[in-house]
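The values are calculated or read from the model by the stated rules, or taken from the named source; none is laboratory data. Predicted, not measured: the structure shown is a model, and the values here were computed from it. Reconstructed Cβ throughout: ideal geometry from the backbone, glycine too, with neighbour counts over all protein chains shown.
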Amino acid sequence: MHRCLECYDRRVVPAVELRFEDLSALEKEVADNLRQMRALVETRRELERLAPCALVLIHPKTDDKLRLDAQVVAPLPTGLALELTGDKDEVGARLDEFVALRPRPKSPAERLRGLSLSDQHKVARNGTLTERTILERIYGNSVWESLLSNPKLTIPEVARIARKGTVPRHLLEMVVENKAWVRAAPVRRALLSNPRLGTESLPRILAVTPKPEIQKMLKQTAYPRAVREAAKRFMQGY
């Protein structure tokens, strides 16, 4: 006899949930009893002989459920003896399919949640775009430096980090020192609009900024005053 959850009422018939310790226990129950259209379950629920009910199997690896029609053969001191109803071949096929279930693969978010600090940085330095996006969403500023060390980091990702007002100055310097990044207009705009950018970085950024872009910068109040003044001095030196 197997342990089960207590019966619970449904609108039509009561149902008994039957859990298994592991896959081998499920396989044994299928071979020994369920294929013979019978089951013994433990429950305090009292049902009369021939009362219709449902036997709900809980897969030990996936928690998927298989609901089988049944009826009470006999009440027992500690539970119920059940007989499965319906076509035996159909029931057997459903059992085979149920036993063969495999655990659902974890989503990227599920897989990345709860990582150790070292694993967070490992994924940040080597992960895919999807992994990097989810990682930053979960762990935020703790993975920025490792993300900036990932050679696959895209320009939009760099710009998103460079735009954040909470990013440490040494990470902004890291972006400025990367010539490929700072030559990209979205990254330059993100850096120059960030009030935490050090003034010593301005000449290096302006040196790779096209003249028309600097001229527009002089009139755009979205940039900090220090940036506009540096741009004005830079234009005077042309």
Quick one: which helices (runs of 4 or more DSSP H) sit completely within region 139-206 and have at least 1 residues that are in contact with a His (Cβ under 9 Å, 6 or more places away or on another chain) and at negative phi? 144-147
Please verify whether region 7-19 includes one or more residues that are out of contact with any Phe, Trp or Tyr (no Cβ under 8 Å at 6 or more places or on another chain), at pLDDT 95 or above and not aliphatic (A, V, I, L, M). no
List every residue pair whose Cβ atoms lie under 6 Å apart, where the two residues are 6 or more positions apart in sequence or sit on different chains, the first residue falls within region 80-106 and is without any contact (Cβ under 8 Å) to a residue 60 or more places away in the chain and under 26 Å from THR43 (Cβ atoms), and the second residue, located anywhere, is among the charged types (D, E, K, R) and outside any helix (DSSP H, G or I). GLU83/ARG38; THR85/ASP69; GLY86/ASP69; LEU101/ASP64
Somewhere in region 65-75, is a residue on the phi < 0 side of the Ramachandran plot and part of a loop (DSSP other than H, G, I, E, B)? no
It is to be established whether one or more residues within region 214-224 are over 24 Å from THR133 (Cα atoms), assigned to a helix (DSSP H, G or I) and touching a Ser or Thr at 6+ places or on another chain (Cβ under 9 Å). yes
